[in-house]
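The values are calculated or read from the model by the stated rules, or taken from the named source; none is laboratory data. Quick caveat, the model's predicted, so the values are computed rather than measured. Cβ placement follows ideal geometry from the backbone for every residue including glycine, while neighbour counts extend to all protein chains displayed. Accessible surface is based on the protein model in full, side chains and every heavy atom, while ligands, DNA and RNA are left aside. Shrake-Rupley method; radii C 1.70, N 1.55, O 1.52, S 1.80 Å.
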Amino acid sequence: SSASTAITCFTRGLDLRKETEDVLCPANCPLWQFYVFGDGVYASLSSVCGAAIHRGVITSAGGAVTVQTLPGQENYPAVNANGIQSQMLARWASSFSVTRTKNIALEAVGRSISTARPSTGKRPKKPLEKKAGNKDCKADIAFLIDGSYNIGQRRFNLQKNFVGKVAVMLGIGTEGPHVGVVQASEHPKIEFYLKNFTAAKDVLFAIKELGFRGGNSNTGKALKHTAQKFFSLENGARKGIPKIIVVFLDGWPSDDIEEAGIVAREFGVNVFIVSVAKPTTEELGMVQDIAFVDKAVCRNNGFFSYQMPTWFGTTKYVKPLVQKLCSHEQMLCSKTCYNSVNIGFLIDGSSSVGDSNFRLVLEFISNVAKAFEISDIGSKIATVQFTYDQRTEFGFTDYTTKEKVLSAIQNIRYMSGGTATGDAISFTTRNVFGPMKDGPNKNFLVVLTDGQSYDDVRGPAAAAQKAGITVFSVGVAWAPVDDLKDMASEPRESHTFFTREFTGLEQMVPDIIRGICKDFLDSKQ
């Protein structure tokens, strides 16, 4: 049987190199993020996993899919199926279809090596492939190895072998994962950085050469040091690529690890803990905090902790760990558009809206807010309602959980009155965004209105944009398109939305979220 290559939620048909390829889609891809064009035959611009869910070949639980390359065509239709709305496309140069894979042997994750030669008959250029690495697993990874007396020289060598196997299976390369190693002992030592090696064989050699340091396992100290010092641009960290620390722990940490976990999360680093040989009953008395794993990992959801009973016979544990490290979408602690934005909603409370339509507006802003990870160190939401007057319903620092934000949105009461949108933008820029202007998050303002403003909107919107706020304008019913474009950030087309009816707001939710994420990523490039 042929081997399956692990891909990400975002791998497109055109990213695959073979005419027929067996791939493995991850679980829990966010459905609304998929770009899919067509039905049955999909433009190669489409997400492979999105097309497979749309077609009913797999569910959002992921799974194996066979992708067949097809010629391009015209008029790919838009069809809603299995929770995904595919889009129309007039023409594209190539297509693909998706079917269920028959019996598969899982390839070493994401290493796209196959025994079958590509059907072109040309010999593939091997060295080129090797150098680029596994492009479906983009990550900057620090292996924080245990060099304490707890582990001892012999098990330290077994640990090095295991880390070496993981490094090789990751598919290190210029465009794939980059790795470095830090040794935790009395004092942490950065053994090599991300920028030092981009080929698996060099990394392997460097790992083999590591000497055992000994001392206490000050894992907390080493984790904090790694989160703060290891991932700088000058040390080889790449922009927009998930940062990961894999902590190897033999037994237990001899210092406090919780604070280090918090520091790592603040730096946008995803912490995994691989614990080997749990503390024995006698040893538990020496452990400062029995729940140390839960407190240090990125999220206490089971995904970021990994257990091995001993350092012997660890080969079978390599692949599942690599799969986790390559699950780009699960890296909840990376600085992403979901956890690094402030979104202010400026909502029209004028008398033309009416009570029932106002509820639809609240529904719309709730659905946009739901997509983001709202927390004290994550994304933040604020809402201002306006007529001739303005009322801050809640500011960015008033609520720091998603539940509280959503409940505050539902409790907003409709004002009713005139429409002075320009004044309202100035008020929001000054009072709501003003206090946030030196913060780490990127600022967005979504203006919702259903009519002509009595005052000038262009000046206030330009001032907001000058203050670093990206403006999206959403118009309903009688809102003049010229006003909407005057308020929107550049490029205006992609920042201006319009619908005849309030019921049309619901369909705009994914586009607004995508727009915010696109702007966020562009600002990071």
For region 171-239, listing GluC sites (Glu not before Pro) in a DSSP loop whose Cβ sees at most 11 other Cβ atoms within 10 Å gives Glu209
In straight Cα distance, which aspartates and glutamates are under 17 Å from Lys18, not counting same-chain residues fewer than 8 positions off?
Glu107, Glu129, Asp136
Would you kindly derive the ³J(HN,Hα) couplings of region 192-204 from the backbone phi angles with the Karplus curve 6.51 cos²θ - 1.76 cosθ + 1.60 (θ = phi - 60°), listing them in order in whole Hz, with x for Gly and Pro?
7, 9, 4, 7, 5, 9, 10, 10, 4, 5, 5, 4, 4
When all Cα-Cα pair distances of region 341-522 are considered, the percent exceeding 22 Å is 37 percent
What do you reckon, how do Met415, Met308 stack up by accessible area (1.4 Å probe), largest on top?
Met415, Met308
Accessible-area order (highest first, 1.4 angstrom probe) of the listed residues Phe394, Phe10
Phe10, Phe394
By the gyration tensor of its Cα atoms, with a ≥ b ≥ c the square roots of the eigenvalues, what is the shape of region 5-100: rounded for a/c under 1.5, prolate for a/b over b/c, or oblate?
oblate
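Ordering Tyr414, Tyr399 from largest to smallest accessible area (1.4 angstrom probe), what's the sequence?
From most accessible down to least: Tyr399, Tyr414.
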Among Lys239/Lys466; Lys404/Lys442; Lys335/Lys466; Lys442/Lys466, the pairs whose Cα-Cα distance exceeds 18 Å are Lys239/Lys466; Lys404/Lys442; Lys335/Lys466
With θ set to phi - 60°, apply the Karplus curve 6.51 cos²θ - 1.76 cosθ + 1.60 along region 140-146 and write out the HN-Hα couplings as whole Hz, x wherever there is a Gly or Pro.
10, 10, 9, 8, 9, 8, 8
Of the listed pairs Lys324/Lys370; Lys138/Lys201; Lys316/Lys370; Lys102/Lys201, those with alpha carbons more than 30 Å apart are Lys316/Lys370; Lys102/Lys201
Take the alpha-carbon centre of region 173-233, take the same for region 393-445, and report the distance between them in whole Å.
43 Å
So, taking all protein chains as they sit and a 1.4 Å probe, how much accessible area belongs to Lys243, in Å² rounded to tens?
50 Å²
Alpha-carbon centroids, region 458-525 and region 1-27: separation in whole Å:
35 Å
Which of Met487, His225, Phe427 sits farthest toward the positive end of the charge dipole of the chain, with +1 on the Cβ of Lys and Arg and -1 on the Cβ of Asp and Glu?
His225
proj_area_mean for region 140-330 (convex hull on C-alpha atoms), units nm², value 9.6 nm²
If you count only protein heavy atoms and use a 1.4 Å probe, how large is the accessible surface of Ser366, to the nearest 10 Å²?
10 Å²
Using protein chains only and a probe of 1.4 angstrom, how many square angstrom of Val36 are accessible, to the nearest 10?
0 Å²
Computed on Cα atoms, Rg of region 206-273 relative to 2.2 N^0.38 Å comes out at 1.18
Could you tell me whether region 318-409 comes out rounded, prolate or oblate from its Cα gyration tensor? Rule is a ≥ b ≥ c as square roots of the eigenvalues, rounded for a/c under 1.5, then prolate if a/b exceeds b/c, otherwise oblate.
prolate
Give me the net charge of Lys189's neighbourhood, meaning all other residues with Cβ under 12 Å from the Cβ of Lys189; Lys, Arg count +1, Asp, Glu -1.
+1
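Exceeding 28 Å between C-alpha atoms, which entries from my cross-link table qualify? They are Lys165/Lys224; Lys295/Lys380; Lys208/Lys319.
Beyond 28 Å between Cα atoms: no listed pair.
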Once amide hydrogens are built 1.01 Å from N within the peptide plane, the residues lying 5 or more places from Val179 or on another chain with amide H under 5 Å from its amide H are Ile141
What ³J(HN,Hα) values, in whole Hz, does the Karplus curve 6.51 cos²θ - 1.76 cosθ + 1.60 give for region 469-475 when θ = phi - 60°, with x put for Gly and Pro?
9, 8, 10, 10, 10, 10, x
Taking Rh as the Kirkwood radius computed over alpha-carbon pairs of the chain and applying Stokes-Einstein at 25 °C with viscosity 0.890 mPa s, one gets a diffusion coefficient in µm² s⁻¹ of 97 µm²/s
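Taking loop as defined by DSSP and a crowding limit of 10 other beta carbons within 10 Å, which trypsin sites (Lys or Arg not before Pro) in region 443-525 fit?
On the way: sites: Arg458, Lys466, Lys485, Arg492, Arg500, Arg514, Lys518, Lys524; in loops: Arg500.
Here the sparse-neighbourhood loop sites are Arg500.
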Amide H to amide H, which residues 5 or more places from Lys380 or on other chains are under 5 Å from it, using H placed in the peptide plane?
Val341, Asn342, Ile343
